[in-house]
Every structure is written in C-alpha cells, then in structure tokens.
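Beneath this line is the structure, given in structure tokens, with notes to follow.
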Amino acid sequence: MGSNSDEIITENMDAPTYAPSLPVPNVQEMVRKEPLQVPGRYIRNQEERLQMDDMSHLSSPIPVIDLSLLSTGDVEELNKLDLACKEWGFFQTTLNPLNFLLVVNHGVAKEVLQTMKDAAAEFFALPLEERKKYKVASNDIQGYGQAYVVSEDQILDWSDALMLIVYPSHYRKLNFWPRTPRGFKEIIESFSNGVKEVGEELLRSFSRIMGMDKDALLGLHKQGAQGMRVNYYPTCSRPDLVLGLSPHSDSSTITILMQEDDTEGLQIKHNEEWVPVKPVQDALVVNVGDVIEIWSNGKYKSVEHRAVTNQKKARISHASFIIPHDDVEIEPLDHLVGSQKLIYQKVRYGDYLRSSMKRKMDGKAHTEMAKITT
Ligand SMILES: O=C(O)CCC(=O)C(=O)O
Ligand SMILES: [Fe+2]
C-alpha cells in the first residue's frame, strides 16, 4: 500500500533524451574551497567585460502585465501585452494574490512560491556528496550539473543548475529529483502546476494578440512539455570578469522565471544595452522564446538575456520553459507573414531544441538553424 518516500527509483526509459554536455567543475564547491580564485576558464574576453559595467541607471521600466485582467480578455491589457512583447519581449506578471489564485490554487499561491524558494535553498545548502546523487548524465540535461558545455576551451558560466522535465509526467526521470529536503518532489509539482496554469493563461492571451482563437497556440503545442532549471549562482570575488549565465535566448515558447526578491542578476538586451531586471515582489518574469519568434515570423522576438554575479550573495532563480511536443513542426503562421518576407523555414521542434542544446550558449546564434538561407 502507498508509496514510501525511500522507494527505489529506477530510470524511466520512456523519457526523451536531450543533449550531451561535457563535465565541468561544480562552481559552488570551487567557490567554497577558494573564494578568491577565478580560474581562467571562467574569464570573459575583453569585449564582453566591457559590457559588464554597471547599468543599473537604466533600470528597466519593464512592462507590468496584470494576469487577472488578461484572463478576462481586457482589451487594454491585451494591447499592453502586444506592445510589451514587440518592444521588449519581456514582461513581469504581477501576482496579485486574489487574481492569481483565481487561475491557480486559492489561498496557496504565494506560499507555493515561497516553499519552492525555500526547498531549493535547502537543496543547494546540502553537502556536495548529497547533491551529487542527482548528477546529470553525460548524454542528457536532466539532473544537477551544467548544460551547453561542448568544448574544452569554451568560457564557462559561473553557475550550477538542477534541470528537470516536469510535464508530461511520463517524461520525468525521477532518479534526478532530489529526495532531500523531504517533500521536494511534491513542492516542485505544486510550483510547476501553478506555473503551468499561468503559462496556459498567457498562451491564450498570446493567441488573441496574434489574431487567433484563444486556444490556438496551446493546440499547436500538441502535447507540450514543461521543463525547469533551478540556477544557482555562487558569489564571485570578481563579478567584472565572469558571467553567471552566457547571453542566450530561450528555445521555448515562453519562459516563466521566478527570481529572488532581494538579489539582482538577470539582464536583458534592449537597444544594444544590457538592462537589469529588478526583482518585483511576488512577480514572475515572463519572456518570449524562439518558438513565438518563429511562429510570428519575427514579429515578436525572443529576447537575449544573461545573468551576472555579485560578491555578496549567492542567487537562485527558477526558470520554467513551456515547449511544444518534439514532433511539432514549427513554422511562421500564414496570417502573420502576410506580404512580409518569410524569415523562418519549417523545422521539427525536437530537432531545433536539440540543435540549440548541442552548442554553447551564444546569443541568438542557434536560431540561424531555422532561418531561410537564400
Ligand atoms: O537567472 C536568471 O535570471 C536567468 C535564467 C535563464 O535565463 C535561464 O535559465 O534560461
Ligand atoms: Fe534563459
């Protein structure tokens, strides 16, 4: 009867495999042992270092979208979303507790977010031996470690991550899901379920602003998936030399990110400048991924972003990626191309995703694979 939390978890052979990554040192452990060291493999070249100056004066008037208004089809809020996505590709949804709870889970949403933050903090505070039990395999991305490391001489990111596919549930590789702290699995499930609902509501609004029936985008995903990456950025004695996460755009449809309320780190590229995204209490950061860029033939752009580190406080961020089924063929939607030049060609999403994961993170270079080359 009932399952025991110490049950033996065997590998799920039905779950898809994503992409290989080379093994690299655990950054958190490296910093713990030698807090003042910054090994050469992490030091950015001169050009990138010049772009690391403090840009906090630009601190972004990133549009804030009220999800509760969106879900009632409020035209003004939809117009705001449309503008926000064209101009920024990034916005924050304020989790007005009542309104959010209408969508998710009445009375617990805020608590769910905090519980996830606390559980992740506890996981990263475990001794390395304990964390290593969930070490990512060399041929895939699920587990604890790093991704996108494809050559010995690539400049490395100042971060570690726990990467898991949460939906559909038969894609889960539970042997990589931390069993400590206790109940972490249920916490991830309840957090991800909340995020999933937010994502579905947003996709309905995106469908509308893209001139379609509200269920159109969700339908185009077939049976879509949701993955999460919990990023851990240790402190760095020389944040001017390293990056927590290299510039990239997400190969998702949309990404929903929970940041900590008191530690900055995320920056987005806007008009060729790196603009910090200041955390807003109880807000989720949402960004347009490559799939929306391709479906909209570039009308909505996936935004390049990166993470920087600091000397004082480690930072944890929780990114949830909403993606189509591997077999979905993504291509610009006819009515969004109109008389414009076609930029993207048809590509199987599973191939697109894996091709982007087999490269180092390098801005939007991975999107070239879906571009028409004539
Ligand atoms: O840590 C952040 O704020 C950004 C994380 C991110 O971009 C990602 O995981 O794809
Ligand atoms: Fe990202």
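A few remarks follow.
- Test for GLN223: is it at pLDDT below 95, open to solvent by 10 Å² or more (accessible area, probe 1.4 Å) and in a strand (DSSP E or B): no
- Leading residue by the ranking (nearest to LEU67 (Cα to Cα)) among those in the stretch 144-195 that are among the hydroxyl-bearing types (Ser, Thr, Tyr) and without any contact (Cβ under 8 Å) to a residue 40 or more places away in the chain: SER169
- Residues satisfying the criterion are absent from the stretch 299-312 (criterion: within 16 Å of ligand 1 (Cβ to nearest atom), of a type in the set (A, V, I, L, M, F, W, C) and without any contact (Cβ under 8 Å) to a residue 60 or more places away in the chain).
- For the stretch 232-243, a residue qualifies if it is in contact with a Pro (Cβ under 9 Å, 6 or more places away or on another chain) and within 11 Å of ligand 1 (Cβ to nearest atom), but none of them does.
- Residue check: GLU272 meets all listed conditions (1) touching a residue at least 12 places away in the same chain (Cβ under 8 Å); (2) more than 17 Å from the chain's Cα centre (by Cα) but one, namely (1).
Residue-by-condition table, conditions (1) assigned to a loop (DSSP other than H, G, I, E, B); (2) open to solvent by 40 Å² or more (accessible area, probe 1.4 Å); (3) modelled with pLDDT under 75:
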position: ASP54; (1), (2), (3): yes, yes, yes
position: ILE65; (1), (2), (3): no, no, no
position: GLU76; (1), (2), (3): no, yes, no
position: LEU102; (1), (2), (3): no, yes, yes
position: LEU113; (1), (2), (3): no, no, no
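- Here LEU162 meets the list (1) within 15 Å of ALA119 (Cα to Cα); (2) within 16 Å of ligand 2 (Cβ to nearest atom); (3) open to solvent by 10 Å² or more (accessible area, probe 1.4 Å) almost entirely, failing just condition (3).
- Checked against (1) aliphatic (A, V, I, L, M); (2) modelled with pLDDT of 75 or more; (3) open to solvent by 40 Å² or more (accessible area, probe 1.4 Å), ILE9 passes all but a single condition, namely (2).
- Any hit, the stretch 210-232, residues being within 16 Å of ligand 2 (Cβ to nearest atom), under 16 Å from the mean Cα position of the chain (by Cα) and without any contact (Cβ under 8 Å) to a residue 60 or more places away in the chain: no
- Residue satisfying all of: in the stretch 301-350; assigned to a loop (DSSP other than H, G, I, E, B) and within 16 Å of ligand 2 (Cβ to nearest atom); most open to solvent (accessible area, probe 1.4 Å) among these: LYS301
- Within the stretch 279-297, being part of a loop (DSSP other than H, G, I, E, B) and open to solvent by less than 10 Å² (accessible area, probe 1.4 Å) holds for GLY289, SER296, ASN297.
- Residue within the stretch 206-215 that is open to solvent by less than 10 Å² (accessible area, probe 1.4 Å), among the aliphatic types (A, V, I, L, M) and either assigned to a helix (DSSP H, G or I) or at pLDDT 95 or above (or both) present: no
- The stretch 259-278, subset within 13 Å of ligand 2 (Cβ to nearest atom) and outside any loop (DSSP other than H, G, I, E, B), residue surrounded by the fewest Cβ atoms within 10 Å (Cβ to Cβ): LYS269
- Test: residue in the stretch 329-344 that is farther than 30 Å from ALA109 by Cα, away from ligand 1 (no atom under 16 Å from the Cβ), of a type in the set (Lys, Arg) and out of contact with any Pro (no Cβ under 8 Å at 6 or more places or on another chain): yes
- Condition check for ALA365 on (1) away from ligand 2 (no atom under 16 Å from the Cβ); (2) modelled with pLDDT under 95; (3) within 26 Å of VAL242 (Cα to Cα): one failure, at (1).
The values are calculated or read from the model by the stated rules, or taken from the named source; none is laboratory data. Quantities reported herein were computed from a predicted structural model and do not represent experimental measurements. Heads up, the Cβs are rebuilt from the backbone with ideal geometry, glycines too, and the neighbour counts pull from every protein chain shown. What goes into the accessible areas is simple: the full protein's heavy atoms, side chains included, and nothing from ligands, DNA or RNA. Shrake-Rupley method; radii C 1.70, N 1.55, O 1.52, S 1.80 Å.
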